[in-house]
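Below: the structure, in structure tokens.
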């Protein structure tokens with residue numbers, strides 16, 4: 001599932017390619033990806049409006065339009081938002097087509113249809129409605145520590161809770177905890193300020209590192225878990241092999257030597 005780095009990469013691409021373009025029409029090929037609006041409402045809302053930019057909060061993306069309001073985009077597991085300069089439908093998984101005046105398109109493509117396209121009066125309104133926590137790249141150290149310290153659930157579970165901190169998913173939570181040398185089952189409330197601060201620092205380190213390499217795990221810095229994450233893999237620090245457990249139903253990898261319970 002796309003997590004914050006993957007969504008940020010898509011956001012930056014769409015912001016560069018589509019900002020300043022005027023939407024001529026919207027074609028909803030599959031209404032199953034719409035959330036909270038109809039195809040007619042989406043088309044009416046967007047017609048004749050200019051894209052002023054693409055924003056992101058956590059895993060959520062927003063296409064902001066002139067005169068107010070935005071199109072909300074959640075990529076789900078297999079979703080993508082693509083600029084198509086030729087303005088043709090090249091893929092059977094294209095679900096929503098935003099046609100621009102000059103003939104190009106912005107295409108929402110989603111093979112498994114777990115993502116969603118919707119409308120919101122503003123980015124702030126959407127964040128409040130969904131009760132999302134602060135963005136994982138923008139939250140400060142003290143707020144991060146305070147927010148996770150309120151919970152006595154496993155720290156891995158808290159990192160995945162988008163209402164606590166928005167943007168971290170299963171893979172990056174494992175990497176953050178590995179970099180922080182924290183066992184995934186440790187109680188969030190039981191962490192020291194130093195440990196919680198290390199998690200906040202490594203959250204930024206891991207997410208930004210992935211953005212820089214366009215989420216190509218093989219290009220991540222030496223010492224990262226993600227290029228080798230799996231049951232047969234060895235800890236890059238040379239401390240044995242990773243093991244796997246379930247944390248709140250999510251498959252979790254960690255190094256029992258580096259991340260002691």
- prompt: Based on the Cβ-Cβ distance from residue 194 to residue 55, what FRET efficiency comes out when R0 is 30 Å, to the nearest 0.05?
  reply: 0.35
- request: For a label point 7 Å from the Cα of residue 78 along Cα→C-beta, name the residues of region 99-116 whose backbone N is under 18 Å from it.
  value: 107-116
- line: Expected unfolding gain across residue 121-residue 12 under the 0.36 nm per residue rule, minus the alpha-carbon gap, is 37.1 nm
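With a ≥ b ≥ c the root eigenvalues of the C-alpha gyration tensor of region 117-261, is it rounded (a/c under 1.5), prolate (a/b larger than b/c) or oblate?
prolate
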task: Please give, to one decimal in nm, the separation of the simple spin-label points placed at residue 187 and residue 243, each 7 Å out from Cα toward the Cβ.
output: 2.2 nm
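Work out, step by step, the length gained on full extension between residue 88 and residue 216: first 0.36 nm times the residue separation, then minus their alpha carbon distance; give nm to one decimal.
That works out to 43.2 nm of additional length.
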statement: The helix 170-180 Cα axis meets the longest alpha-carbon principal axis of the chain at an angle in degrees, between 0 and 90 and rounded to 10, of 40 degrees
Anisotropy class of region 1-80 from Cα gyration tensor, a/c 1.5 cut: oblate
query: Stretched out fully, how many nm does the piece from residue 150 to residue 208 gain, at 0.36 nm a residue minus the Cα gap?
result: 18.3 nm
message: Between 0 and 90 degrees, rounded to the nearest ten: what's the tilt of helix 4-18 against the longest Cα principal axis of the chain?
response: 20 degrees
message: Counting other beta carbons within 10 Å of each residue's own, what order do 177, 207 fall into, fewest first?
response: 207, 177
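Each reported figure results from applying straightforward, stated rules to the coordinates on display, with no laboratory input. The shown structure was predicted, so the numbers you read here are calculated from the model rather than taken from an experiment. Counting neighbours? That spans all protein chains shown, and the Cβs are built from the backbone with ideal geometry, glycine included.
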